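Step one of this worksheet: look at the structure below.
The values are calculated or read from the model by the stated rules, or taken from the named source; none is laboratory data. Since the structure is predicted, the reported quantities are computational estimates derived from the model, not experimental observations. Here the Cβ positions follow ideal geometry from the backbone for every residue, glycine too, while neighbour counts run over all protein chains shown. Each accessible area value is taken on the protein alone, full model and side chains, heavy atoms only, with ligands, DNA and RNA left out. Shrake-Rupley method; radii C 1.70, N 1.55, O 1.52, S 1.80 Å.
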Protein chains: 2
Amino acid sequence: MVVWPGAAHPDPMLFTKAFTSQALAAKLESLVDLSTEERSSLGALPIRQVDVPAGELICRAGDQLSSCFIVLEGFVSLSKETAAGTRQITAFALPGDMPDLLGLHLKVANHDLAAITPCRLASVEHSDLRSLCRTFPAIAEALWTSTLVAGSVFEEWVVNVGSRKATSRLAHLFCEMMTRLEALGLARNDVCDLPLTQVHLAEATGLSRIHVNRSLQELRKQELITYTNGRLTIHDRTGLAQMGQFDPDYLHVPRPGWRT
Amino acid sequence: MVVWPGAAHPDPMLFTKAFTSQALAAKLESLVDLSTEERSSLGALPIRQVDVPAGELICRAGDQLSSCFIVLEGFVSLSKETAAGTRQITAFALPGDMPDLLGLHLKVANHDLAAITPCRLASVEHSDLRSLCRTFPAIAEALWTSTLVAGSVFEEWVVNVGSRKATSRLAHLFCEMMTRLEALGLARNDVCDLPLTQVHLAEATGLSRIHVNRSLQELRKQELITYTNGRLTIHDRTGLAQMGQFDPDYLHVPRPGWRT
DNA sequence: CGGTTCTTTGAGAGATATCAACCAAGGTGG
DNA sequence: CCACCTTGGTTGATATCTCTCAAAGAACCG
């Protein structure tokens, strides 16, 4: 496993714990109810804080894993290399997500993880997480559920790249990201920071960089969105959802706020 | 929930139990070790056997679920409808698979299930499964792991439809199905029954029916496979794996038997 | 035998990829 | 402060892949 230059911080553990309860516990509580005891045990998980600069690789497909990450801050991409040397991004992980929770039981990373923005991660030993799960079945259930949701998102992406055309794929992706960021309190009034380059969008939608550029122009021309400098604004929620055939059910967030 | 015409059978419960231990327990034991007690508890799960004729819908995306299925015999497709009225198949479920295990925690089906061939299914109440999981953490872990593998397969499909061209997509799908059927003992000497029409292949790969037909001809011309009457023969394993950029890791089957 | 369903073929249209530049913004070192 | 470099975005022209439409064979089934 890779070891990063841990970021210097006055009291990393304390600092991170605060973030952990915020990011992870919030996420889990959106899935199941937790008792105060469970909540505090979550906060007491021994973790190592890791800061990763933008663009850096976090782990590679095939790596043996003995710990897993919780995203505390920043955007992480999950991707796989193809033989042609291109990358297919298969998901984006946001604060609260555990992008390699798969490894908890499968021991192996099955995708590359990369920091899109500067990221703060918490690293938790598998053994600690397992014993937590054994002590608190509700936590195990919540973690299980969160992996189910992640799987559901992968499945929807199969539909997205497999059956929609360029503008629809982008529209769908934008709807998804807006919905997830809203659920995290990171979007308001149909505006959010979405620090993805057109290359990221291309790799996530299975399109060429150039075609993404032209499709974005089309979305702008139809006055559905503006997207500049990593800031996304949705002008016509219904229109964008229609164009992307977006139905938020698969995200399993509490109150999506989309009426199609 | 839909209710099917239960198939008449002299002693359905007994008969099915035998199948359940075969299909499900075998699957789970490929993921974790089970004690004899756990194995017998699995076999004693109260289940309802359901037979579904070929082509029939088993459940729809959005259905409320209070039980889930184990495929005992046959091929099941997982798919989603798109607004355009087309279908995207997102996975195939084989004997031993639980294609809607997602519903155990999420309560809602997020894809259509359809019987491709005549299928024999076992239906297990969520409540029974939950209490089994509570009693035997190893079973819970095995089930969790199986959902993680299913997610891993979805992710690879994102790569497949998102970044490979027609012939590669088909080659990859054939490699996957051969590997999984081998693991089940349903393939030998690079030959297996794969009862998918070209329309199924098209819906699974995100291609048009006609283009699938022509791409199959290409695969035949390169002497990689023959595929007629629902029977697949791989003539050149290495060549097919190369064409499909297939690496069996993501399937997490014990001994895949592919050297690339 | 006639009606399905599945497969195959041909021709043309449409979407997307590729190649080659150019532009704009931001950071850096002199 | 400016020249330079890098990164990300844009444009035009052309090539390629894949889709659609239309129709004809094949295989299966009652």
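Test residue B:85 against the criterion of being surrounded by fewer than 22 Cβ atoms within 10 Å (Cβ to Cβ), of a type outside the set (Phe, Trp, Tyr) and on the phi > 0 side of the Ramachandran plot, and give yes or no. For residue B:85, the condition - surrounded by fewer than 22 Cβ atoms within 10 Å (Cβ to Cβ), of a type outside the set (Phe, Trp, Tyr) and on the phi > 0 side of the Ramachandran plot - is met.
Restricting the range A:55-80 to residues that are within 14 Å of chain B (Cβ to nearest Cβ) and of a type in the set (A, V, I, L, M) leaves a set whose member that is most open to solvent (accessible area, probe 1.4 Å) is A:61.
Of all the criteria given as (1) surrounded by 15 or more Cβ atoms within 10 Å (Cβ to Cβ); (2) without any contact (Cβ under 8 Å) to a residue 24 or more places away in the chain, the one not satisfied by residue B:174 is (2).
Being of a type in the set (A, V, I, L, M, F, W, C) and part of a helix (DSSP H, G or I) holds for only one residue in B:54, B:61, B:25, and it is B:25. Any residue at all in the range B:167-183 that's within 16 Å of DNA strand D (Cβ to nearest atom), at pLDDT 95 or above, part of a loop (DSSP other than H, G, I, E, B) and among the charged types (D, E, K, R)? No, the conditions are met nowhere in the range B:167-183. Between A:186, A:181, the distinction of being outside the structural domain of residue A:92 (by TED's automatic domain parsing), within 18 Å of the chain's Cα centre (by Cα) and open to solvent by less than 40 Å² (accessible area, probe 1.4 Å) belongs to A:181 only. Scanning the range A:213-246 for residues that are within 16 Å of DNA strand D (Cβ to nearest atom), crowded, with 18+ Cβ neighbours inside 10 Å and either among the hydroxyl-bearing types (Ser, Thr, Tyr) or within 14 Å of chain B (Cβ to nearest Cβ) (or both) turns up A:215, A:227, A:245.
Mind counting the residues in the range A:213-250 that are modelled with pLDDT under 95 and within 12 Å of DNA strand C (Cβ to nearest atom)? Number of matching residues: 3.
Inspection of the range A:110-128 finds a residue satisfying the criterion of being within 11 Å of chain B (Cβ to nearest Cβ), at pLDDT below 95 and surrounded by 22 or more Cβ atoms within 10 Å (Cβ to Cβ). Selection of the range B:195-212 for residues being open to solvent by less than 50 Å² (accessible area, probe 1.4 Å) and within 10 Å of DNA strand C (Cβ to nearest atom) yields B:195, B:196, B:200, B:201, B:202, B:212.
Of the residues in the range A:138-159, at least one is within 16 Å of DNA strand D (Cβ to nearest atom) and open to solvent by less than 40 Å² (accessible area, probe 1.4 Å).
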